[in-house]
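Worksheet for the structure shown next.
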Amino acid sequence: MNRLRAWFLAPTWTVVITLFLAPLAIILGYSFLTRGVYGGITSPSTLESYQRLIDPIYLAILWRSFWVAGASTALCLLLGFPLALFISRAGRHKNFYLGLVMLPFWTSFLVRTYAWMFMLRDTGLLNTFLQKFGLIHSPLPLLYNDGAVILGLVYGYLPFTVLPLYATLERLDRTLLEAAADLGAKPWAALMRVTIPLSAPGIRAGAILVFIPCLGAYLTPDLLGGGKSVMIGNLIQNQFTTARDWPFGSAVSLVLMAIVMVLLFAIARGDGEDLL
Amino acid sequence: MECVLELRDVSKHYPSHHAVNGVSVKLARGEFFSLLGPSGCGKTTTLRMVAGFEEPTHGEIRLNGSSIQHLKPYQRNVSTVFQNYALFPHLTVRDNVEFGLRRRAGNHIGDRVRDVLDLVQLAGKESRRPAQLSGGERQRVALARSLVLEPDVLLLDEPLSALDPNLRKQVRAELKAIQRRVGITFLFVTHDQEEALSLSDRLGVMNAGQLEQVGTPEEIYLTPSTRFVASFLGAVNWIGGVGVRPEAMRIAREPSRNGHRSRPATIVHSTFLGNCVHVDTRLADGEPAVVEVSRLGATFAPGEAVHLLWEPADELRFE
C-alpha cells in the first residue's frame, strides 16, 4: 500500500522539487552573491542586496504595491459581494451567471489588458466618445496612473472573489435569514448581522486570492501604469532584464514571498482555521 | 375569551396544488393551540403565513384585531421557533437571545436576557456557541430567543421532532410548564398526536389543506367530527359503519346480555406491549378488529371463539 502511494506521489514530488524547491534554492543562493558585469552572478557573497532594500525608493515601491493591491482587493470585495449574493439567489439561472463571470477567461489576460489600453488612452474609445459629444474638450488622463492599474487589477481578479463568495453564500442556510427577519431585523440589518459574518470564510478566501497576485502583479502595472506606477513585480522584472542585477532581483523576490507568507500565517492564526 | 389571532378563510394556492384551503380559526390569548395533521396537510404553510414568510393568496390574518397578512415578518409581533432551531452559529447563546432585543435598546436588556435564560435553564451557558450545545439546549435557546421578545403569539414548527424520543417527553413537559408561566399564546404545529393531545388547551386537525375539526383534546378524541379525525387520533375499528376505539372494547367468552353491543369474533394474535395487550381478532364477516385489554385480565389463545363487547355510547358515528 505504501509503495503504491509512493508511486502515485512520485510525479507530483518530481514537479515540486525540480520546478519549485530547486529554483527557490537557487534564488536564495543568488540573493547573497554579487552581480556580474553583464548580468548573472559572481562571488563574493554579501548581504548588500538586502541592505539596499531599505532605500526609500524601494520602500516607496513596496508601499505603493501594498496600497494598490489593498485598494484592488477592497474594490473586488465591494463589487463581488453583491454580485455573488445575486447569483446565489438566481435560482435556475445560477449556472448562466457563473458562466458569464468566467467568460473573460476565454481570452488571454494580456489581450484583455491591451483592450483596456485602447479604451483608456488619450485617443481611445472613452476619450473620443466624450469629446465627440462635447462633454470634455481635452482628453482625460485615464491611462498610465494608479487608477488605471487598480481598474485593470479589479477587472482581472474580480472572478476570484466572486467564486469563493458565491460558494459560501450558496451554502448559507436560508432559515437563518428567516429567523433574522422573524426577530425583527430588516433586510439591511440581516445582511450586516447574519449574511456578512457568516460569509467570512468566503470573504477571507476571496481577499487572499486577489491580494496576493495583485501584490506581485507585473503585467497590469507595466501596461496600464506605464513607467509611472511601478510595483514590486516590475522592480523584480527590471532587475533580471535591463538592470542586470540578479542578486538584488532575487532578494526582492524572497522578501515579497516572506511578506506574503507572514500575512497568510497571521490570517490563519487570527482565525484558528485552515488557510482558505 | 379575548381573541389574539384570527385566521379568516385563509388560503395558499400554488400553481400545482392548494396547500391551504379556507382555514378559519380564532386563538384566545394565553392558550396553547396545536395544529395537528399528517405531513403535507398545510399546517406548516399556515404557520409560515402567520409568521409572514408566505403571503396568503386569499383570506385575512388578524393579530389583535388588525390585518397583518401584508406585513413583513419583521413588522409582526409574532415569533417563530424553527424546526431546526435556526440559531445563529456565529453568535453566543447570549447574543442569539439578544438578537431581537437590539433595536429596543434599554438598560433592562441584561435583566430580561438573564430572566429568560433562567426560565429555560440555560444560566451559565451564555458564552457557548450553538455548536457546543446539546439538541435539547439548542431548542431552549431558540425558545428563549423568541420568548424574550414577548410576542403576541409564539409559533412553534415541530420543535420537538429533532430531539431523540427519550428527551422529547421531558422537553414536552418543560414546554408546557414554560407556556403556563409566561402566559404567551402558543401556536404549535405537529404531526404527533400524543404531543398535540398532551400539550394543547385546544387543537385543530388539518387534512389536505383544510381544518377538519377544532376543539379540546377530549372533544377531538371522544367526538371526532370526521372519519379522518377519528383515525388520525388513535386507532379505530370500523364495525358495521360505526367506529369503536380498541380501548373501549372488551373480550368475553359469552355474548352480552345487558344492553352492550356484542359481535362474535375469533382470536388471531396477541401482542404484549408492557402496559397493555393488543389482541388482533377477526369478526365473523372477515373484518379485523383490535382490542386493547389489560395484561391483568384473562388471556386468549389464537383460534379461540370469543365475543367483542362495547357500550353504544362509545360508538363514533359519522354521516
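Taking the stretch B:190-209 on its own, how many of its residues are part of a helix (DSSP H, G or I) and surrounded by fewer than 19 Cβ atoms within 10 Å (Cβ to Cβ)?
Pass one, the stretch B:190-209, residues part of a helix (DSSP H, G or I): B:193-199.
Next cut, surrounded by fewer than 19 Cβ atoms within 10 Å (Cβ to Cβ) only: B:194, B:197-198.
Of the residues in that region, 3 qualify.
Close contacts from the stretch B:57-86, counting a first residue that is away from chain A (no Cβ under 14 Å) and crowded, with 20+ Cβ neighbours inside 10 Å and a second that is β-branched (Val, Ile, Thr) and assigned to a strand (DSSP E or B), with Cβ to Cβ under 6 Å and a gap of 6+ residues or different chains, come to B:GLN69/B:ILE61.
Would it be correct to say that A:PHE81 is touching a residue at least 12 places away in the same chain (Cβ under 8 Å) and in a helix (DSSP H, G or I)? Taking the combined requirement at face value, the residue satisfies it.
Say whether the condition of being polar (S, T, N, Q), surrounded by 14 or more Cβ atoms within 10 Å (Cβ to Cβ) and assigned to a helix (DSSP H, G or I) is met by at least one residue in the stretch A:97-113.
Taking the stretch A:97-113 and keeping what is polar (S, T, N, Q), we get A:107-108, A:113.
Checking the rest, the ones that are also surrounded by 14 or more Cβ atoms within 10 Å (Cβ to Cβ) come to A:113.
Subset that is assigned to a helix (DSSP H, G or I): A:113.
Yes, there is a match, as at least one residue in the stretch A:97-113 is polar (S, T, N, Q), surrounded by 14 or more Cβ atoms within 10 Å (Cβ to Cβ) and assigned to a helix (DSSP H, G or I).
Within the stretch A:130-141, none of the residues are part of a helix (DSSP H, G or I) and either under 29 Å from A:PRO213 (Cα atoms) or within 14 Å of another protein chain (Cβ to nearest Cβ) (or both). Among the residues in the stretch A:38-48, are any assigned to a helix (DSSP H, G or I), in contact (Cβ under 8 Å) with a residue 12 or more places away in the chain and either of a type outside the set (Gly, Ala, Ser) or closer than 30 Å to A:GLN239 by Cβ (or both)? Yes, there is a match, as at least one residue in the stretch A:38-48 is assigned to a helix (DSSP H, G or I), in contact (Cβ under 8 Å) with a residue 12 or more places away in the chain and either of a type outside the set (Gly, Ala, Ser) or closer than 30 Å to A:GLN239 by Cβ (or both).
Tell me whether the stretch B:43-50 contains one or more residues that are over 30 Å from A:ALA200 (Cα atoms), surrounded by fewer than 17 Cβ atoms within 10 Å (Cβ to Cβ) and either more than 14 Å from chain A (Cβ to nearest Cβ) or of a type in the set (S, T, N, Q) (or both). It would help to see each step written out before you state the result.
We begin by selecting, within the stretch B:43-50, every residue over 30 Å from A:ALA200 (Cα atoms); these are B:43-47, B:49-50.
Add one more test, that the residue is surrounded by fewer than 17 Cβ atoms within 10 Å (Cβ to Cβ), and what stays is none.
No - not one qualifying residue is present in the stretch B:43-50.
Which one of these is more than 20 Å from B:VAL81 (Cβ to Cβ), touching a residue at least 12 places away in the same chain (Cβ under 8 Å) and either outside any helix (DSSP H, G or I) or within 14 Å of chain A (Cβ to nearest Cβ) (or both): B:GLU212, B:GLU126, B:GLU150? Reasoning before the result, please.
On the way: B:GLU126 fails: more than 20 Å from B:VAL81 (Cβ to Cβ); B:GLU150 fails: more than 20 Å from B:VAL81 (Cβ to Cβ).
Only one candidate qualifies: B:GLU212.
No other residue among A:THR195, A:THR161 is within 13 Å of another protein chain (Cβ to nearest Cβ), surrounded by 18 or more Cβ atoms within 10 Å (Cβ to Cβ) and in contact (Cβ under 8 Å) with a residue 40 or more places away in the chain apart from A:THR195. Return yes when A:THR175 is within 14 Å of another protein chain (Cβ to nearest Cβ), more than 30 Å from A:GLY225 (Cα to Cα), free of Cβ contacts under 8 Å to residues at least 40 places away in the same chain and in contact with a Ser or Thr (Cβ under 9 Å, 6 or more places away or on another chain) and no when it is not. Answer is no for this residue.
Can you name every one of the helices (runs of 4 or more DSSP H) wholly within the stretch A:187-276 that holds 3 or more residues which are over 17 Å from the mean Cα position of the chain (by Cα)? Full working, then the answer.
Working: elements: A:187-190, A:200-215, A:219-224, A:232-240, A:246-271.
Filter on the stretch A:187-276 gives A:187-190, A:232-240, A:246-271.
Only one of the numbered conditions (1) among the hydrophobic types (A, V, I, L, M, F, W, C); (2) surrounded by 14 or more Cβ atoms within 10 Å (Cβ to Cβ); (3) within 27 Å of B:SER225 (Cβ to Cβ) is not met by B:ALA313, and that is (2).
Just name the residue that is farthest from A:LEU33 (Cα to Cα) out of those in the stretch A:49-60 that are of a type outside the set (Ser, Thr, Tyr) and not in a loop (DSSP other than H, G, I, E, B). Walk me through it before giving the result.
Taking the stretch A:49-60 and keeping what is of a type outside the set (Ser, Thr, Tyr), we get A:51-57, A:59-60.
In the following step, the residues that additionally are not in a loop (DSSP other than H, G, I, E, B) were identified as A:51-52, A:56-57, A:59-60.
Working: A:GLN51: 13, A:ARG52: 13, A:PRO56: 22, A:ILE57: 22, A:LEU59: 22, A:ALA60: 25 Å.
Among those residues, the one meeting the criterion is A:ALA60.
Go over the candidates B:SER161, B:SER146 one by one and state the one that is over 23 Å from B:GLU98 (Cα atoms) and small (Gly, Ala, Ser). Write out each step before concluding.
Values: B:SER146 fails: over 23 Å from B:GLU98 (Cα atoms).
After ruling out the rest, the residue left standing is B:SER161.
Is the stretch B:132-144 home to any residue that is in contact (Cβ under 8 Å) with a residue 40 or more places away in the chain, farther than 22 Å from A:ALA185 by Cα and more than 14 Å from every other protein chain (Cβ to nearest Cβ)?
Looking only at the stretch B:132-144, we keep the residues that are in contact (Cβ under 8 Å) with a residue 40 or more places away in the chain, and these are B:133, B:138-139, B:141-144.
With farther than 22 Å from A:ALA185 by Cα added as a condition, the list becomes B:133.
Filter once more, so that each one left must be more than 14 Å from every other protein chain (Cβ to nearest Cβ): B:133.
Checking the stretch B:132-144: at least one residue is in contact (Cβ under 8 Å) with a residue 40 or more places away in the chain, farther than 22 Å from A:ALA185 by Cα and more than 14 Å from every other protein chain (Cβ to nearest Cβ).
Of the candidates A:LEU256, A:LEU219, A:LEU263, A:LEU223, the single residue that is at pLDDT 90 or above, surrounded by fewer than 22 Cβ atoms within 10 Å (Cβ to Cβ) and of a type in the set (A, V, I, L, M) is A:LEU256. Checked against the criteria, B:GLY42 does not count as within 21 Å of B:ARG202 (Cβ to Cβ), in contact with an Asp or Glu (Cβ under 6 Å, 6 or more places away or on another chain) and either free of Cβ contacts under 8 Å to residues at least 40 places away in the same chain or not hydrophobic (A, V, I, L, M, F, W, C) (or both).
How many residues does the stretch A:84-96 contain that are among the hydrophobic types (A, V, I, L, M, F, W, C) and not in a helix (DSSP H, G or I)? Step through it out loud before you land on a result.
First, the residues of the stretch A:84-96 that are among the hydrophobic types (A, V, I, L, M, F, W, C): A:84-87, A:90, A:96.
Filter once more, keeping what is not in a helix (DSSP H, G or I): A:90.
Counting residues in the stretch A:84-96 that are among the hydrophobic types (A, V, I, L, M, F, W, C) and not in a helix (DSSP H, G or I) gives 1.
In summary, B:LEU91 fulfils each of the numbered conditions (1) assigned to a helix (DSSP H, G or I); (2) within 14 Å of chain A (Cβ to nearest Cβ) with the single exception of condition (1). Within the stretch A:201-212, at least one residue is surrounded by 16 or more Cβ atoms within 10 Å (Cβ to Cβ), of a type in the set (A, V, I, L, M, F, W, C) and closer than 30 Å to B:PRO73 by Cα.
Checking each residue in the stretch A:59-110 for being under 15 Å from the mean Cα position of the chain (by Cα) and β-branched (Val, Ile, Thr) picks out A:VAL68, A:THR73.
Can you tell me which residue within the stretch B:153-186, out of those that are within 14 Å of chain A (Cβ to nearest Cβ), touching a strand residue (DSSP E or B) at 6+ places or on another chain (Cβ under 6 Å) and in a loop (DSSP other than H, G, I, E, B), is modelled with the highest pLDDT? The residue in question is B:GLU158.
Let's see how each residue does on (1) within 27 Å of B:THR226 (Cα to Cα); (2) surrounded by fewer than 15 Cβ atoms within 10 Å (Cβ to Cβ):
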site	(1), (2)
B:GLY240	yes, yes
B:GLU254	no, yes
B:ARG257	no, yes
B:LEU273	no, yes
B:VAL279	yes, no
B:GLU292	yes, no
B:GLY297	no, yes
B:PHE300	no, no
B:LEU308	yes, no
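When the test is whether a residue is over 27 Å from the mean Cα position of the chain (by Cα), hydrophobic (A, V, I, L, M, F, W, C) and either surrounded by fewer than 18 Cβ atoms within 10 Å (Cβ to Cβ) or within 22 Å of B:GLN139 (Cβ to Cβ) (or both), B:VAL93 passes it.
Are any of the residues in the stretch B:257-276 in a strand (DSSP E or B), touching a helix residue (DSSP H, G or I) at 6+ places or on another chain (Cβ under 9 Å) and modelled with pLDDT under 90? Yes - at least one qualifying residue is present in the stretch B:257-276.
The values are calculated or read from the model by the stated rules, or taken from the named source; none is laboratory data. Please read all numbers here as calculations on a predicted model, not as lab measurements. We place every Cβ from the backbone using ideal geometry, glycine too, and count neighbours over all the protein chains shown.
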